[in-house]
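Just below is one structure, and these are the notes that go with it.
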Amino acid sequence: MIRFFEKEPYSPIEYTYEVQSVLYKGKSQYQEILVVENPYFGKILILDGIVQLTERDEFFYHEMLTHIVMQAHPNPKRIVVIGGGDGGVVREVLKHKTVEKIYFVEIDEEVIQISKRFFPTLSSSIDDPKVEIKIMDGADFIKKSSTSIDAIIVDSTDIIGFARSLFTEDFFSSAIKALNQDGMFVTHSESLHFHLDIVIEVQKILKKAFPLVDLYTAPIATYPGNWWVFSIGSKKLNPRDIRRPFEIKTRYYDDEIHKHAFLPHKLYRKLMDKKLIW
Amino acid sequence: MIRSFKVEKFHAKIISKSTLFKVLSYLDKQKITTPFLLIDTEKIKENIYIIGKNIRNSKVFYALKANPDVAIADLVNQQDIGFEIASEGELKVLSSLDIKPAKIISSNPVKSIQFLEMAANYGVNYLSYDSIDEVDKIAKHAPRSNVYIRLSVPNEGSDWPLSKKFGVELDDAVRLLSYAKHKGLNPVGVTFHVGSQCTNLYSWNIAIDKAKILWDMSESKGIKLSLLNIGGGYPINYTKSAINIDIIEKNINKLISEKFPEDIEIHIEPGRSIVGDAGILVSTVIGKAKRYDEDWLYMDVGVFNGLMESLGGIRYSYIVENYKSKSKRWTIAGPSCDSFDVIDQNITLPEPDIGYLILILSSGAYTISYASEFNGFLIPKNILI
């Protein structure tokens, strides 16, 4: 049996996966792309040595990255999805009837192609007529975007790789400019267990641009540290509140999960003030 | 422009992910002229938060010599700890920030008269010593000061030993405490230094045992001490994980609780452990050469303009731009014409192009403060991020 060893230098636990077969191995202009088959998780997409999604549990991540801001927004019509070349987030966004337009901005076209080949249940969404694909740097797209956006959803690779331009004050500032009055921004920001310093840092940078900043979490077995964080910046609406009836079909996310996903305020403060370090 | 760097598992032990993220983000957005030293202010705050936490009745004094940058001193001051200094120059840095004299001590056992006068004038009132001449000097130029005697202790476990130059043995120490009292000074305590970057937990055991013997000896001579200054020496991670500070401090605290009176006051003087791993030198690859079997890599930072401690055995970890090429074993050298300017050997790194950046981790302490402009190569500046 071949094994895949995940290469996340900042994971003190090294994750290894059984590999039944290697379905694809290649190198794009930006990163190494690997697709393997695992007996438990099914197909796994791996970029630069780090697991991005597995067929079995991808819905936890994609639902949680997408639906919190979509349900907290009163009427999300125009959405920007940055990264997430697999199409998982786009699939989730399309579940909302209010949506009229999705700008799907992915820097690496090869990830889209590979996903179309190996992950059709995620990538088939990309062909929807509401979706406009832009092959470019998400930071550049947002900087040049003058259109009024209701939600920006960032599904990037690791923060210290080339995706780091999606975590800067510059980027967050242009994001808030691109957003409507009720607009919201969400990005994954790593694990509370293994990357608390990054979680705090991203919250701090977001606060430089957004008046309202918060975070919520979801358990993801296949991401290092598991207790995965999603950071939100909002122009005025509290993302903890749901503003539309919950009518979409999901597996994990629902209106109750929405409320429970956010940290209790006391715990949030304790973490941000570095009073809880482990 | 997004630069690519080769980040490997062992780097994670040396530099935190958020520090690395800040450093790389900084490098993305700037037009860069190297060399310079990036200082992660959050990391300094974190380090200060940890130090002294596990030692009862302790006060922390940042050893300014580690990195005397004014902005860093200001940041340290805001964290509400004090400073340990040795010279007029260092006192000037602190006075420019209006730092209260009660927050300043000097543990340099041999001080210049000018400094003593300036310190006394400013109100600095805790001075160390280890000689009769120093007592005479202090009595004359900083009368009635609180003084503490420097004991010599073994420095075997440290990468940067200090004890040969300073410190006296027990009998002399007792005599010097009496002599200080006789000269109108106030002998309050004892200090030692296990050596900088001390990686042997038991160095503190030996030192504290010795301090205890002196404590009792001086009490029998009618001098009641109240202060134990344990110096610095806490290690940081250069190429591997050093012992955690909380483990060192819990050990120290246990020893002190067992041996000394409950109301004893403890002073700690960390320098390296406050700024060391908060600093990343950013340098450029200026040349490569193959000499016999050896591959040489030349950077614009060397022994003379920042990496002096490499001569004393400190070994650094590096992150190079460009992760595509194969790794080689390099001899790393600085830019000057001097053959002492060789920083390390047998360092495995991917081959960078000329002009690519090379990051030197854990280089916030004893780098810029040691640097000279020898051969016309500039001293890197501190940039706080």
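Yes/no matrix, rows are residues, columns are (1) out of contact with any Phe, Trp or Tyr (no Cβ under 6 Å at 6 or more places or on another chain); (2) over 25 Å from A:Lys101 (Cα atoms); (3) among the aliphatic types (A, V, I, L, M); (4) away from every other protein chain (no Cβ under 14 Å):
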position	(1), (2), (3), (4)
A:Asp127	yes, no, no, yes
A:Ile133	no, no, yes, yes
A:Thr147	yes, no, no, yes
A:Ile152	no, no, yes, yes
A:Phe167	yes, no, no, no
A:Met184	yes, no, yes, yes
A:Leu192	no, yes, yes, no
A:Asp197	yes, yes, no, no
A:Phe210	yes, no, no, yes
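To keep it simple, each residue is scored yes or no on (1) assigned to a helix (DSSP H, G or I); (2) buried (at least 20 other Cβ atoms within 10 Å of the Cβ); (3) in contact with a strand residue (DSSP E or B) (Cβ under 7 Å, 6 or more places away or on another chain).
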site	(1), (2), (3)
A:Leu65	yes, yes, yes
A:Val90	yes, yes, yes
A:Ile102	no, yes, yes
A:Ile114	yes, yes, yes
A:Leu122	yes, yes, no
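Does A:Phe194 satisfy the condition of being of a type in the set (Phe, Trp, Tyr) and surrounded by fewer than 24 Cβ atoms within 10 Å (Cβ to Cβ)? The answer is yes for A:Phe194.
Sort out which residues of the range B:341-369 are exposed (fewer than 14 other Cβ atoms within 10 Å of the Cβ) and either farther than 19 Å from B:Thr239 by Cα or in contact with a Gly (Cβ under 7 Å, 6 or more places away or on another chain) (or both), and write them in order of number. Talk me through it step by step, then tell me what you get.
Initial filter on the range B:341-369 (exposed (fewer than 14 other Cβ atoms within 10 Å of the Cβ)): B:345-346, B:348, B:353-355.
Once the filter is applied, which keeps residues that are exposed (fewer than 14 other Cβ atoms within 10 Å of the Cβ) and either farther than 19 Å from B:Thr239 by Cα or in contact with a Gly (Cβ under 7 Å, 6 or more places away or on another chain) (or both), the range B:341-369 yields B:Asp353, B:Ile354, B:Gly355.
For B:Asp171, the conditions (1) under 27 Å from B:Met308 (Cα atoms); (2) modelled with pLDDT of 95 or more; (3) acidic (Asp, Glu) all hold with the exception of (1).
Could you tell me whether the range B:104-114 includes any residue that is polar (S, T, N, Q), touching a Pro at 6+ places or on another chain (Cβ under 8 Å) and surrounded by fewer than 20 Cβ atoms within 10 Å (Cβ to Cβ)?
Our first condition is that a residue be polar (S, T, N, Q); within the range B:104-114, this holds for B:106-108, B:112, B:114.
Filter once more, so that each one left must be touching a Pro at 6+ places or on another chain (Cβ under 8 Å): none.
The answer is no; no qualifying residue exists.
Filter the range B:209-231 for residues that are over 22 Å from the mean Cα position of the chain (by Cα) and in a loop (DSSP other than H, G, I, E, B); which is farthest from B:Glu156 (Cα to Cα)? So, considering only residues that are over 22 Å from the mean Cα position of the chain (by Cα) and in a loop (DSSP other than H, G, I, E, B), the one farthest from B:Glu156 (Cα to Cα) is B:Gly222. For the range A:256-277, the candidate set comprises residues that are surrounded by 14 or more Cβ atoms within 10 Å (Cβ to Cβ) and closer than 30 Å to A:Leu94 by Cβ; within that set, the residue that is nearest to the other protein chains (Cβ to nearest Cβ) is A:Leu263.
When A:Thr147, A:Thr157 are checked against the criterion of being under 20 Å from B:Ser16 (Cβ atoms) and either aromatic (Phe, Trp, Tyr) or modelled with pLDDT under 95 (or both), A:Thr157 stands alone in meeting it.
Elements of the type helices (runs of 4 or more DSSP H) sitting completely within the range B:1-95 and holding at least 1 residues that are within 24 Å of A:Trp278 (Cβ to Cβ) and within 14 Å of chain A (Cβ to nearest Cβ): these cover B:11-14, B:17-29, B:41-50. Counting just the residues of the range B:247-271 that are free of Cβ contacts under 8 Å to residues at least 60 places away in the same chain and in a helix (DSSP H, G or I), which one comes out nearest to B:Lys212 (Cα to Cα)? Looking at the filtered set, the residue picked out is B:Lys259. Looking at the range B:272-314, which of its residues are of a type in the set (A, V, I, L, M, F, W, C), in contact (Cβ under 8 Å) with a residue 12 or more places away in the chain and more than 30 Å from B:Ile72 (Cβ to Cβ)? Within the range B:272-314, B:Trp296 is the sole residue that qualifies.
When each of A:Gly83, A:Gly42, A:Gly26 is tested for being within 24 Å of B:Lys17 (Cβ to Cβ) and either in contact (Cβ under 8 Å) with a residue 60 or more places away in the chain or in contact with an Asp or Glu (Cβ under 8 Å, 6 or more places away or on another chain) (or both), the lone residue that passes is A:Gly83.
Whether a residue is in the same structural domain as B:Gly233 (by TED's automatic domain parsing), surrounded by 22 or more Cβ atoms within 10 Å (Cβ to Cβ), in contact with a Leu (Cβ under 9 Å, 6 or more places away or on another chain) and closer than 30 Å to B:Lys240 by Cα was assessed, and B:Ser218 does not pass this test.
B:Ile85 falls short on exactly one of the conditions (1) within 18 Å of the chain's Cα centre (by Cα); (2) without any contact (Cβ under 8 Å) to a residue 60 or more places away in the chain; (3) surrounded by fewer than 23 Cβ atoms within 10 Å (Cβ to Cβ), and that condition is (3). Restricting attention to the range A:3-20, does a residue exist that is touching a helix residue (DSSP H, G or I) at 6+ places or on another chain (Cβ under 6 Å) and under 30 Å from A:Ala175 (Cα atoms)? Checking the range A:3-20: at least one residue is touching a helix residue (DSSP H, G or I) at 6+ places or on another chain (Cβ under 6 Å) and under 30 Å from A:Ala175 (Cα atoms). No other residue among B:Lys111, B:Lys103, B:Lys92 is more than 22 Å from B:Gly189 (Cβ to Cβ) and at pLDDT 95 or above apart from B:Lys92. Is it true that some residue in the range A:127-140 is buried (at least 22 other Cβ atoms within 10 Å of the Cβ), touching a strand residue (DSSP E or B) at 6+ places or on another chain (Cβ under 7 Å) and farther than 20 Å from A:Lys236 by Cα? Yes: one or more hits. When the residues of the range B:270-296 are filtered to those that are acidic (Asp, Glu) and out of contact with any Asp or Glu (no Cβ under 9 Å at 6 or more places or on another chain), the one that is modelled with the lowest pLDDT is B:Asp293. Pairing each residue of the range A:11-22 that is away from chain B (no Cβ under 14 Å) with any residue that is of a type in the set (S, T, N, Q) and crowded, with 17+ Cβ neighbours inside 10 Å, provided the two are 6+ apart or on different chains, yields C-beta distances under 9 Å for A:Tyr17/A:Asn38; A:Tyr17/A:Thr54; A:Tyr17/A:Thr222; A:Glu18/A:Asn38; A:Val19/A:Asn38; A:Gln20/A:Asn38. When the range A:1-42 is filtered for residues that are closer than 18 Å to A:Phe118 by Cα and outside any strand (DSSP E or B), the ones remaining, listed by number, are A:Gln20, A:Ser28, A:Gln31, A:Pro39, A:Tyr40, A:Phe41. All told, B:Tyr234 falls short of being in a loop (DSSP other than H, G, I, E, B), farther than 15 Å from B:Asn54 by Cα and among the hydroxyl-bearing types (Ser, Thr, Tyr).
The values are calculated or read from the model by the stated rules, or taken from the named source; none is laboratory data. Everything numeric in this text was worked out from a predicted model, so none of it was measured. We place every Cβ from the backbone using ideal geometry, glycine too, and count neighbours over all the protein chains shown.
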